[in-house]
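A.B. asks: Below you will find the structure I want to go over with you.
Taken together, the values in this text are just the output of simple stated rules run on the coordinates, not laboratory data. This one's a predicted model, so the numbers in the text were calculated from it and none came from an experiment. Glycine gets a Cβ as well: all are built from the backbone with ideal geometry, and neighbour counts include every protein chain shown.
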Amino acid sequence: MAAVCLWGYVPDSGEWVPVARLLDWMPGTRALVHVNGTEIALFRVGERIYAIHNRCPHRSGPLVRGSRGWPAISCPMQPLALRPDDR
C-alpha cells in the first residue's frame, strides 16, 4: 500500500512537492517542513492537518514550538494566538 503524502506548492515552478508522509506522525503531533525555502509548521489534530507559515507575523517566533490550545496556536515569544482556520 502506498503511503499518503502531504504536498506543498512551489509557486516559482508551478509544481507540487511531497513534504511529509502522513504515516510518520500521529494525531497530536507537529512537524516543521521546508517548501522552496519557506518554513511551514504542520499540526495534526485527529485526522485533520493544519499548515501555517512557521513565523509569527508580529515577532517572527517559531510557531511550531508554540503551545496549542485548539483551535489556536500560540507564539512562544508572546501571548499572540493564531487560528489555522482564520483567513
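A.B. asks: Non-local amide H neighbours of CYS56 (under 5 Å, H modeled in plane, Pro and chain starts lacking H): which ones?
C.D. replies: Those qualifying (amide H under 5 Å, at least 5 residues apart or on another chain) are GLY61, LEU63.
A.B. asks: Turning to a different aspect of this structure: Tell me, what HN-Hα J-couplings in whole Hz come from the Karplus equation 6.51 cos²θ - 1.76 cosθ + 1.60 at θ = phi - 60° for each residue of region 48-62, using x for Gly and Pro?
C.D. replies: Values, residue by residue: 9, 10, 10, 10, 8, 4, 5, 9, 4, x, 8, 10, 6, x, x Hz.
A.B. asks: Would you list GLU15, GLU39 from fewest to most Cβ contacts within 10 Å?
C.D. replies: GLU15, GLU39
A.B. asks: How far, in nm, would the chain grow between HIS53 and ASN36 when pulled straight, counting 0.36 nm per residue and subtracting the alpha carbon separation? Intermediate values should be presented prior to the final figure.
C.D. replies: On the way: separation 17, 0.36 × 17 = 6.12 nm, distance 1.25 nm.
Result for the pair: 4.9 nm of gain on full extension.
A.B. asks: Find how much the distance from MET26 to SER60 grows on full extension, using 0.36 nm per residue of separation minus their present alpha carbon separation; answer in nm with one decimal. The partial results should precede the final answer.
C.D. replies: On the way: separation 34, 0.36 × 34 = 12.24 nm, distance 2.70 nm.
Using 0.36 nm per residue and subtracting the Cα-Cα distance, I get 9.5 nm.
A.B. asks: What span do the alpha-carbon atoms of region 1-69 cover on each of the three principal axes, reported in whole Å from largest to smallest?
C.D. replies: Projected onto its principal axes, the Cα set of region 1-69 covers 41, 32, 14 Å.
A.B. asks: Using only the C-alpha atoms of region 31-75, find the volume of their convex hull and express it per residue in Å³.
C.D. replies: Numbers: hull volume 3.1 nm³, N = 45.
Residue-normalised Cα hull volume stands at 68 Å³.
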